[in-house]
Amino acid sequence: MSSPNYPDVYAIVPDVSALPLAMVLLQSLRSQGVSAQMHAGSGDSMGSMKSQFKKADASGARYALVFGEQELAQGQVAIKSLRDGAGAQRSESLHQVSEWAHTLQSPH
């Protein structure tokens, strides 16, 4: 039996202005073997955080990457666990992706 192909991460982008940065970070993660999905907003809206978190959960991803205004102002992205039951959250530097990308990969 093969297991479903769930993404490792799902990007939550509360504001369209964070989209270019989110795209660059996701591309960097993908180049390091992390599978990533992102909510496709419509028009100039990305949808509410609540609806994006629902989609992240439904995607089966292990982690949500939250590109919030506060995190980005500090040069960071929030990483929230979606599967550990506790919803543990940490922040990581946008400029040191190669140092933490491997922690997002599903065990094979």
| note | Of the residues in segment 36-51 that are buried (at least 17 other Cβ atoms within 10 Å of the Cβ) and not in a loop (DSSP other than H, G, I, E, B), the one that is modelled with the lowest pLDDT is 38
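Out of the residues in segment 90-108 that are outside any loop (DSSP other than H, G, I, E, B) and without any contact (Cβ under 8 Å) to a residue 24 or more places away in the chain, which is most open to solvent (accessible area, probe 1.4 Å)? Don't jump to the end; show me each part of the working.
Residues of segment 90-108 outside any loop (DSSP other than H, G, I, E, B): 90-93, 97-104.
Next, from what is left, pick out any that are without any contact (Cβ under 8 Å) to a residue 24 or more places away in the chain: 90-93, 99-100, 103.
On the way: 90: 78, 91: 58, 92: 45, 93: 27, 99: 120, 100: 9, 103: 56 Å².
The qualifying residue most open to solvent (accessible area, probe 1.4 Å) is 99.
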| Whichever residue in segment 7-22 is touching a residue at least 12 places away in the same chain (Cβ under 8 Å) and part of a helix (DSSP H, G or I) and, among such residues, is most open to solvent (accessible area, probe 1.4 Å) | 21
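Give 33, 87 a once-over and let me know the one that is in contact (Cβ under 8 Å) with a residue 24 or more places away in the chain, open to solvent by less than 60 Å² (accessible area, probe 1.4 Å), in a loop (DSSP other than H, G, I, E, B) and not basic (Lys, Arg). Lay out the reasoning, then the answer.
Details: 87 fails: in contact (Cβ under 8 Å) with a residue 24 or more places away in the chain.
Checking each option against the conditions leaves just 33.
Filter segment 63-79 down to the residues that are part of a loop (DSSP other than H, G, I, E, B) and out of contact with any strand residue (DSSP E or B) (no Cβ under 7 Å at 6 or more places or on another chain) and list them by number.
First, the residues of segment 63-79 that are part of a loop (DSSP other than H, G, I, E, B): 67-68, 74-75.
74, the sole residue that qualifies.
Just for segment 52-84: of the residues that are of a type in the set (S, T, N, Q) and open to solvent by 40 Å² or more (accessible area, probe 1.4 Å), which one is nearest to residue 5 (Cα to Cα)? First the steps, then the outcome.
Residues of segment 52-84 of a type in the set (S, T, N, Q): 52, 59, 70, 74, 76, 81.
Subset that is open to solvent by 40 Å² or more (accessible area, probe 1.4 Å): 70, 74, 76.
Details: 70: 32, 74: 33, 76: 28 Å.
Looking at the filtered set, the residue picked out is 76.
Within segment 53-60, identify whether any single residue is among the hydrophobic types (A, V, I, L, M, F, W, C), touching an Asp or Glu at 6+ places or on another chain (Cβ under 9 Å) and outside any loop (DSSP other than H, G, I, E, B), and answer yes or no.
Here is the first cut: in segment 53-60, the ones among the hydrophobic types (A, V, I, L, M, F, W, C) are 53, 56, 58.
Filter again for touching an Asp or Glu at 6+ places or on another chain (Cβ under 9 Å), leaving none.
No, that holds for no residue.
The values are calculated or read from the model by the stated rules, or taken from the named source; none is laboratory data. All values derive from a computational prediction rather than experimental measurement. With ideal geometry, Cβ positions are generated from the backbone for all residues, glycine too; neighbour counts draw on all protein chains shown. For accessibility, only protein heavy atoms count, side chains too; no ligands or nucleic acids. Shrake-Rupley method; radii C 1.70, N 1.55, O 1.52, S 1.80 Å.
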